[in-house]
Structure formats: structure tokens, C-alpha cells
Amino acid sequence: MSLSCSNIKTTDKNGDLNFLNQEATQWRDVPKKPIEYAPQSKTIMLSGGLTIMQDKLIQSALNSLGINYIALPNPDFASFQTGKAFGNKAQCNPTYFTVGNLVKYLQNLRDNEGISAKEIVKRYIYITAGGCGPCRFGMYITEYKKALRDAGFDGFRITSFEHNKGIFQGDEIDDNLLNFTPKFFVTLVKAVIIGDILNILGYKIRPYEVEVGSTNRALEECRDIVSNAFISHKNLTRAMYRCRGILSKVKLNRLQPKAKVMVMGEFWAAMTEGDGNYNLHKFLEAEGAECIPQPIINRLMLSLWEAKTDLKSKEELATDSTNHIDFSSAKKRLLLKAGEFGVKSYFYLYAKAIGLHEYKIIDIEELAKLSKEYYTLECEGGEGFLEVAHLLESIEKKLAHLVISIKPFGCMPSSAVSDGIQPLITNRFSSANFLSIETSGEGSANFYSRVQMALFKAKQLAKDEFEEIEQPRHLPEKINNYLYQPNSDAIGTASKLLKSVVNLHL
């Protein structure tokens with residue numbers, strides 16, 4: 001056992017009962033001694049955990065506001081091992097990966113860059129996301145503090161953002177220090193939205209590239225353009241239009257029948273791009289599939305819907321004796337509508353600039369109606385009704401050949417849906433090709449084997465669909481340009497393209 005882990009692993013007592021009759025101690029998540037933290041000009045904010053593209057764009061966006069912000073590196077298996085070493089037992093993947101990633105980063109500052117642990121505690125702040133009631137994600141702050149204390153960073157400040165409370169919670173940190181203004185949130189949302197758009201296009205283009213790696217190189221160039229636009233306060237719409245020209249130069253062969261695979265499930269496991277989900281998206285593409293990712297804007301739409309629903313429920317609970325107008329409730333409703341309108345407007349503005357014309361943000365009300373027969377909409381744990389709705393929508397609208405629900409081992413909110421409700425749906429709809437799969441940080445061989453078995457059927461479906469379409473005599477050159485986005489009732493991209501050409505000549 002390494003020296004760094006020896007103080008946090010439970011030792012073998014061999015029947016030693018000396019702990020009996022000892023005074024019980026209570027866990028405290030406050031430092032033993034008061035700490036004088038650094039002023040705003042020397043304070044550095046740390047965060048991360050979204051897609052690689054979004055983490056980089058958020059860093060540039062917040063730096064443009066004069067905020068000392070650093071996006072942490074993408075969590076890897078070493079992060080997982082560090083999280084298990086310093087964390088409590090029986091935690092889920094997101095806990096081990098993200099907690100371990102922070103500890104690993106701080107250890108590097110201390111051991112390789114020569115910054116003392118005392119200085120790190122004074123100067124750095126970490127921001128994470130809160131979680132829902134049935135999820136251990138909601139205990140993240142305590143888990144972070146326990147791991148940081150054992151790693152030698154007692155007193156390190158952690159704060160979390162709860163979507164249903166609106167403001168950061170956690171340590172009592174001066175608002176002026178973090179400077180969370182409306183401009184901050186608008187800039188943050190823009191970075192997230194643009195990251196979503198670039199990621200969506202990447203998954204549409206990369207499976208059909210003629211030269212391997214050309215899509216990723218183009219996306220990196222686009223990321224640099226947008227990052228520079230944030231930092232230099234230039235027009236983001238023009239930056240996205242420049243990206244259109246770069247992506248359109250990627251040579252494609254789109255007439256390859258590939259299985260379309262929708263990846264959904266627990267938010268972090270479905271979104272992360274790395275060891276946290278065994279590099280699922282890369283694995284699917286390497287196996288000849290096209291991924292349909294779940295953009296973060298979907299989760300944002302759900303959060304806004306839940307906030308509106310909660311507000312409506314509170315208003316209905318008001319007694320008949322209330323004879324005054326609740327202006328605060330009306331103000332919240334107006335802000336929620338304005339927020340939803342703003343998010344959608346920015347998304348479509350930037351999407352059209354880069355050429356993503358056909359993509360539509362989820363209709364959250366339609367999805368709620370679709371899933372209410374199977375799921376109690378008031379249950380807000382995990383991804384709520386979205387997991388049920390996405391499967392039903394994929395069947396009804398023919399969106400994918402395979403739907404994969406991925407989650408951390410033992411994830412209560414997601415497992416209850418995929419193991420309890422989705423089997424009913426798949427029994428009712430024989431055309432559904434659905435796979436529920438868990439990750440534990442280890443055991444990738446079994447994971448890949450199960451994905452390959454489900455993917456075999458999806459690939460056959462895509463091939464049969466493609467071969468049933470009559471091959472047209474003439475194919476227009478634009479067919480291999482990503483800007484040409486056909487609309488037909490086929491599922492696969494190649495099949496959609498062929499059908500659109502056939503329909504044009506009818």
C-alpha cells in the first residue's frame with residue numbers, strides 16, 4: 001500500500017476490540033483552524049466534467065469576463081483510482097472520477113509545480129453540480145471535502161450549483177469574490193450551447209470522413225476560433241459562420257449504411273467522453289455506428305420545465321383565502337419564460353450560422369405527454385421522464401436503430417427507469433432495440449461485449465434498410481456535403497440521403 005493511501009485505508013484489526021468504549025467523534029466538514037483566503041485578484045476557479053469541447057469553451061468564455069478560471073483535464077482511469085483511494089466505499093462512477101480528478105490535479109500542483117498545499121487551499125475554489133434527492137451525486141460536497149482533507153488539502157473551498165435553487169450553494173463564499181452576474185450566466189450558457197452544436201456536428205460528420213482524424217482537426221480549429229472570439233469579445237455568430245467553411249472542407253462518403261445509436265441515460269455517464277463510460281462514443285464509431293448524443297441543452301430544457309412545474313404546483317396549493325397577487329411568483333414565471341426563449345434563440349442563431357439547419361431542440365411538453373402513461377412526471381430524480389420519452393420518441397419517429405441507456409453501477413434514479421419501466425415499453429413495441437448497461441470503472445470487456453451484441457442487430461437493420469431503397473442513376477455532388485441535410489422517413493443517414501434523392505426525381 002502506498003504511503004499516500006495508508007492513512008485513509010481501514011487497517012485489519014485482527015479481532016482487536018480496543019475501539020470499544022472510546023468516545024465517539026462526529027464528522028465535521030469545516031477546517032480545524034480558520035483560513036485567510038486569497039483576494040479576488042489571486043483566486044482561481046476550477047471546474048469541469050462536461051464534454052471536452054464545452055470545458056475548453058467555458059474556460060475561454062469566463063476568462064473573457066476577467067475571471068481566473070481553469071477547466072480541469074478530462075477525467076481518466078487514474079482519476080478513478082485516486083477517487084477510490086481517498087473516497088468512501090460504494091460510491092458511484094461520477095463520484096470517483098470527478099473527486100479523484102480534482103485531487104489528482106491538486107496533487108500535481110503540489111508535487112510537480114511546487115505550490116504548497118497551504119497556498120493551494122488559499123487560492124483555489126472548485127465548482128461542481130448538485131444532484132437530485134435519490135442520487136449520491138447530491139452528497140458530492142461532503143465527499144469532496146473528505147477526500148481533500150485526507151489528501152492534505154483540508155479547508156479547500158467547494159461550492160455547488162443546484163438547478164432548482166438558482167444560485168450556488170456550498171461554502172459561504174463572498175458573492176463579490178465569484179461575481180455571479182447575469183452577464184456571467186449568459187456567457188456561460190453561450191459557451192455550453194456552442195459546445196453542444198459543435199459536438200452534434202462532430203457526431204454527424206466523423207463516421208463518414210474519408211480521411212481519419214480530419215473531423216477532429218476541423219473541430220479543434222473551430223474551437224480555437226470560437227475561443228478567440230470569446231476572449232477578444234468578437235461576434236460569435238460570425239465565428240460560427242467561419243466554422244461552417246472549415247467543416248465543409250472535410251471530405252465525406254455519406255453513402256455508407258451505418259447503424260444510428262442513441263446514447264442516453266444518467267447525465268454524466270451518457271455525456272462524458274473518456275474512461276468514465278469506457279469511451280462509449282469512440283467505441284461505437286470504431287464499430288461502424290453513428291452516435292446520437294444527448295446535448296446538455298436537453299437537460300437544461302428539463303430543468304426549466306421542472307422549475308415551471310414546481311412553480312405551478314405551489315400556486316395551486318395557495319388557499320382560497322389568499323386575496324393578494326403573488327408578484328414574486330409572476331416574476332419567476334416571466335424569468336423562466338425569458339430564460340427558455342433566450343436559450344432557444346441563441347441555439348438556433350448559432351446553429352444556422354454553422355449550417356446545422358434541420359436540428360430541433362426537444363419539445364419538452366411533447367415528451368412529457370408521450371411518457372406520462374409510463375412515468376409519474378412529478379418524479380424529478382435523475383433525468384426524470386426523459387429516458388422513457390427518448391425511447392418512445394425513437395420508436396415513434398424512427399430516430400435510431402439502437403437505443404443505449406448507460407449509467408453508473410447502482411444508480412438508483414436511472415436503474416429504476418431502465419430496469420423497471422423500459423422493459424414494459426420494449427414488450428409493447430417489438431421494433432424497439434434497447435440496451436441498458438452499467439459502468440463500474442472496471443470490467444470494460446463485459447461492457448464492450450454486450451454493446452457489440454446489441455450493435456450487431458442494429459447494423460443489420462441499417463444494412464437492410466439501405467438495400468431496400470432503389471439506387472438512383474444520378475447522385476448530386478452535394479450529397480457528401482454536411483450542409484445538405486435530407487428529410488425522409490428513413491432512419492440511417494445513408495438511407496435518408498438515397499430516399500431524398502429518389503423523392504426529388506418522382
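Taking residues in the stretch 342-370 that are in contact (Cβ under 8 Å) with a residue 24 or more places away in the chain and on the phi > 0 side of the Ramachandran plot, and partners anywhere that are part of a helix (DSSP H, G or I) and surrounded by fewer than 19 Cβ atoms within 10 Å (Cβ to Cβ), the pairs with Cβ atoms closer than 8 Å and at least 6 places apart or on different chains are 355/244.
Take the residues in the stretch 146-188 that are polar (S, T, N, Q) and assigned to a loop (DSSP other than H, G, I, E, B); name whichever of them is modelled with the highest pLDDT. Full working, then the answer.
Initially, the stretch 146-188 is screened for residues polar (S, T, N, Q), giving 159-160, 164, 169, 176, 179, 181, 187.
If we keep only those that are assigned to a loop (DSSP other than H, G, I, E, B) too, we end up with 164, 179, 181.
Numbers: 164: 49, 179: 64, 181: 78.
Ranking the qualifying residues of the stretch 146-188, first place goes to 181.
Filtering the stretch 40-58 for residues that are in contact (Cβ under 8 Å) with a residue 60 or more places away in the chain, touching a helix residue (DSSP H, G or I) at 6+ places or on another chain (Cβ under 7 Å), under 20 Å from residue 281 (Cα atoms) and hydroxyl-bearing (Ser, Thr, Tyr) leaves a non-empty set. The number of residues in the stretch 440-481 being in contact with a Gly (Cβ under 7 Å, 6 or more places away or on another chain) and either farther than 13 Å from residue 495 by Cα or of a type outside the set (A, V, I, L, M, F, W, C) (or both) comes to 2. Of the residues making up the stretch 60-85, those that are in contact (Cβ under 8 Å) with a residue 40 or more places away in the chain, more than 26 Å from residue 382 (Cβ to Cβ) and assigned to a helix (DSSP H, G or I) number 5. You will find that of 290, 316, the residue that is closer than 30 Å to residue 469 by Cα and acidic (Asp, Glu) is 290 and no other. Does the stretch 408-438 hold any residues that are closer than 17 Å to residue 372 by Cβ, in contact with a Phe, Trp or Tyr (Cβ under 9 Å, 6 or more places away or on another chain) and surrounded by 14 or more Cβ atoms within 10 Å (Cβ to Cβ), and which are they? Answer for the stretch 408-438, where residues must be closer than 17 Å to residue 372 by Cβ, in contact with a Phe, Trp or Tyr (Cβ under 9 Å, 6 or more places away or on another chain) and surrounded by 14 or more Cβ atoms within 10 Å (Cβ to Cβ): 417, 421, 422, 425. If the condition is being in contact with a Phe, Trp or Tyr (Cβ under 6 Å, 6 or more places away or on another chain) and at pLDDT below 95, then the stretch 279-294 contributes only 293.
When the residues of the stretch 255-299 are narrowed to those that are free of Cβ contacts under 8 Å to residues at least 40 places away in the same chain and within 26 Å of residue 99 (Cβ to Cβ), which ends up surrounded by the fewest Cβ atoms within 10 Å (Cβ to Cβ)? I'd like the intermediate steps shown before the answer.
In the first step, residues of the stretch 255-299 are kept if they are free of Cβ contacts under 8 Å to residues at least 40 places away in the same chain; the result is 279, 282, 286.
Still in the list and also within 26 Å of residue 99 (Cβ to Cβ): 279, 282.
Values: 279: 16, 282: 14.
Top of the filtered list is 282.
Among the residues making up the stretch 57-102, those that are over 26 Å from residue 191 (Cβ atoms), at pLDDT 90 or above, under 22 Å from the mean Cα position of the chain (by Cα) and hydrophobic (A, V, I, L, M, F, W, C) are 77, 78, 80.
Assess whether residue 443 counts as being of a type outside the set (Lys, Arg), surrounded by fewer than 20 Cβ atoms within 10 Å (Cβ to Cβ), within 30 Å of residue 78 (Cβ to Cβ) and out of contact with any Pro (no Cβ under 7 Å at 6 or more places or on another chain). Answer is yes for this residue. Is there any pair with a first residue in the stretch 464-482 that is within 18 Å of residue 260 (Cβ to Cβ) and a second that is hydroxyl-bearing (Ser, Thr, Tyr) and assigned to a loop (DSSP other than H, G, I, E, B) whose Cβ atoms are under 9 Å apart and which are 6 or more apart or on different chains, and what are they? Short answer, once both residue conditions are applied: 482/248.
Taking the options 462, 458, 454, name whichever one is buried (at least 17 other Cβ atoms within 10 Å of the Cβ), closer than 28 Å to residue 248 by Cβ and either of a type outside the set (A, V, I, L, M, F, W, C) or in contact with a strand residue (DSSP E or B) (Cβ under 7 Å, 6 or more places away or on another chain) (or both).
Working: 458 fails: closer than 28 Å to residue 248 by Cβ; 454 fails: closer than 28 Å to residue 248 by Cβ.
Going through 462, 458, 454 in turn, the sole match is 462.
With respect to (1) assigned to a helix (DSSP H, G or I); (2) buried (at least 20 other Cβ atoms within 10 Å of the Cβ), the lone exception for residue 403 is condition (1).
The values are calculated or read from the model by the stated rules, or taken from the named source; none is laboratory data. Quantities reported herein were computed from a predicted structural model and do not represent experimental measurements. For neighbour counting, all protein chains shown are included, and Cβ atoms are generated from backbone atoms with ideal geometry for every residue, glycine included.
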